[in-house]
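Every read-out reported here was derived from the displayed coordinates using simple, explicitly stated rules and does not represent laboratory data. Since the structure is predicted, the reported quantities are computational estimates derived from the model, not experimental observations. Note: ideal-geometry Cβ built from the backbone for every residue, glycine included; neighbour counts use all protein chains shown.
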Amino acid sequence: MAQQPATERLRRLLIILPWLMERGEVAVSEVAERFRIDESSLIRDLELVSLCGLPPYVDELVDVFIDEGTIFVGVPRLFTRPLTLNQVEAFELLAAGRAAMQLPGADPDGPLGRGLRKLAQGLGEDDTGVLVIQPTPETMKALSDAAKMRRRVQVLYDSHGDGEPSTREIEPHQVFSSKGRWYVNAFDSRTNEVRTFRVDRVLSSSDVGAASSQPSSAAAVDDWFADGALERVTLDIGPRGRWVTERYPVDEVSDVEENGWVRVRLAVSNDRWLERLLVRLGPHVRVVEPTRFATLGSTAARRVLERYQPSA
């Protein structure tokens with residue numbers, strides 16, 4: 001049988017998984033018959049689902065397995081917490097869910113159907129089925145106006161993992177959307193650099209005067225953004241560590257006068273994250289700056305070795 005497109009398999013799983021989670025255990029033959037899918041395709045899809053989840057992939061995997069013709073499904077912890085979605089993400093989820101509801105076996109009164117009705121209600125859908133999108137938030141409008149009028153604004157910014165929100169002054173250059181989120185590209189007076197900030201983390205803003213920085217003629221808009229408030233680290237990375245530049249958002253990459261090595265500048269969410277990265281890279285990385293991170297990787301590596309050394 002020819003492999004079905006990934007989008008169709010995903011839609012099918014959107015209706016199968018909630019149905020299975022309500023029941024806990026169901027025969028493979030019963031599920032295949034209800035959703036009009038051959039058993040081999042069903043098993044292949046569920047085996048793939050069992051590998052899906054959220055980092056660190058310890059207790060955040062989808063709990064599904066098959067034993068002697070019976071499917072057993074638990075409700076993973078990631079499904080027990082409320083989702084935090086912006087309007088774009090919620091609308092995309094609603095559209096994907098409604099497309100899945102057109103497939104065989106979908107139950108309008110089942111868990112997916114009930115969830116979609118709540119989602120539509122939260123988005124502002126009226127009795128006629130028309131979605132009423134809320135007006136642009138005041139923060140978005142204030143930042144957009146500041147960019148147009150070349151103004152400096154003081155913002156209360158909640159940087160993820162940074163503890164308490166911080167007060168800083170920025171000069172917005174551009175407000176834009178990427179991958180369902182809104183960002184502001186702005187000159188940051190604290191770092192004296194142009195950084196990219198997430199608009200949904202700006203808790204408040206107020207005008208404090210005219211801007212002094214000059215925006216570039218064409219601000220670069222990439223598909224990935226590292227929060228502008230996060231600390232940066234500069235690393236020299238060898239050829240076997242070049243995967244870092246593809247897996248994580250980086251500010252810049254330049255060649256080093258050494259065979260295959262590159263100099264990379266990237267954001268650090270916290271010291272533990274950088275510690276794990278340095279240990280993974282091992283001899284294929286050197287910390288350039290800040291110097292306080294110079295021995296972070298070697299210290300962590302020794303700690304790991306001591307943990308596994310047999311006691312005397």
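I need to check one value: relative contact order of the stretch 138-210, counting alpha carbon pairs closer than 8 Å and at least 6 residues apart, in percent. Computed over the stretch 138-210, the figure is 36 percent. Roughly speaking, what % of Cα-Cα pairs in the stretch 138-210 are separated by over 21 Å, rounded to a whole number? I get 15 percent for the Cα pairs in the stretch 138-210 exceeding 21 Å. Coupling constants for the stretch 274-284 follow from the phi torsions by the Karplus curve (6.51 cos²θ - 1.76 cosθ + 1.60, θ = phi - 60°), and in residue order they are 5, 4, 5, 5, 5, 5, 5, 6, x, x, 9 Hz; glycine and proline get x. With the highest mean first, a sort of the peptides 248-255, 25-32 on other beta-carbon atoms found within 10 angstrom per residue produces 25-32, 248-255. Proximity of backbone amide H atoms, modeled 1.01 Å from N, is registered between Arg190 and Glu169 at under 5 Å, excluding neighbours fewer than 5 places apart on the same chain.
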